[in-house]
Amino acid sequence: MKLPNSLFTVVLLIFVLMSCENTDDSINEELPGPDQLILFQVEHSNYAWGYSHNGILIDSTGNIGYFNHPKNWHYIDTAGYISESDMIENMSQIDTFYYNVERYMLLRFFSLVRRAAEGEITKPTSAGADMGETVYSAFLFDTDTRKYKQVLINQFGDWSRFNKSSEASQLHKWLQSAYYASQKKAAGL
């Protein structure tokens, strides 16, 4: 009767292992594809009281690059896309790399992007005047079209709207702190 007990133990073990699910959702290591250079962007522009345009790009190695008054900036189109070549040209206009995000943190935040992409975006509301706008974005790269698809996280300024997903809220807090830290460095503080 040893064989049936052993068989039962093996079957039970397989059943238990198959029914286990990962309850640790702190890092769901969804990696960016090898062709995706840029993962995140924060961009501020304002045409009131003089022109200002600055922000950060975070690349796939975790480098946080700061740009200020780039000469030939390529904007995301109205459908939410930017070509790979335009994104590379934008990246070439980085003034300085101030920080680097540790790989585990970068993966933690990038793992939130797909769910944030499914989040509902609020309708634009008028939030002020002469504030310009600051747009917090993540990107997903389409290897077939060679384009980056913007995932809107938050837009604040004269017109504001935000992504209602909890993942977008987490991304916004993190991107906001990275942007503010980079602005301080750029100002010499």
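The values are calculated or read from the model by the stated rules, or taken from the named source; none is laboratory data. The structure displayed is predicted, hence computed values, not measured ones. Every residue, glycine among them, receives a Cβ derived from its backbone with ideal geometry; neighbour counts consider all protein chains shown. Only protein heavy atoms, including side chains, enter the accessible area calculation; ligands, DNA and RNA are left aside. Shrake-Rupley method; radii C 1.70, N 1.55, O 1.52, S 1.80 Å.
What is the gain in length, in nm to one decimal, between S83 and D142 on full extension, counting 0.36 nm per residue of separation less the C-alpha to C-alpha distance? Don't jump to the answer; show the numbers that get you there.
Values: separation 59, 0.36 × 59 = 21.24 nm, distance 0.98 nm.
Between S83 and D142, full extension yields an extra 20.3 nm.
Working with all protein chains in place, sort T61, T134, T78 by solvent-accessible area computed with a 1.4 Å probe, largest first.
Working: T61 85, T134 20, T78 155 Å².
Sorted descending by solvent-accessible area, the residues read T78, T61, T134.
Which whole-number value in Å² is the accessible area per residue of segment 93-142, probe 1.4 Å?
For segment 93-142, the solvent-accessible area averages 56 Å² per residue.
Heavy atoms only, 1.4 Å probe, whole protein assembly: order L171, L189 by accessible area, highest first. Mind showing how you got there, number by number?
Values: L171 0, L189 155 Å².
If we order L171, L189 from most to least accessible, we get L189, L171.
How big is the charge dipole of segment 38-185 about its Cα centre, in debye rounded to the nearest 20, if each Lys and Arg gets +1 on its Cβ and each Asp and Glu gets -1 on its Cβ? Each step should come with its number before you reach the end.
Details: 14 positive and 16 negative charges, 87 e Å.
That gives a dipole near 420 debye.
My understanding is that a pair violates if its Cα-Cα distance is over 26 Å; which of K123/K173; K71/K164; K71/K123; K71/K185 do that in this structure?
Values: K123/K173 21 Å; K71/K164 34 Å; K71/K123 31 Å; K71/K185 21 Å.
From the list (K123/K173; K71/K164; K71/K123; K71/K185), the Cα-Cα distance tops 26 Å for K71/K164; K71/K123.
Got a sec? What order do S160, S85 fall in by accessible area at 1.4 Å, biggest, i.e. largest, first? Spell out each step's value before the answer.
Values: S160 20, S85 75 Å².
If we order S160, S85 from most to least accessible, we get S85, S160.
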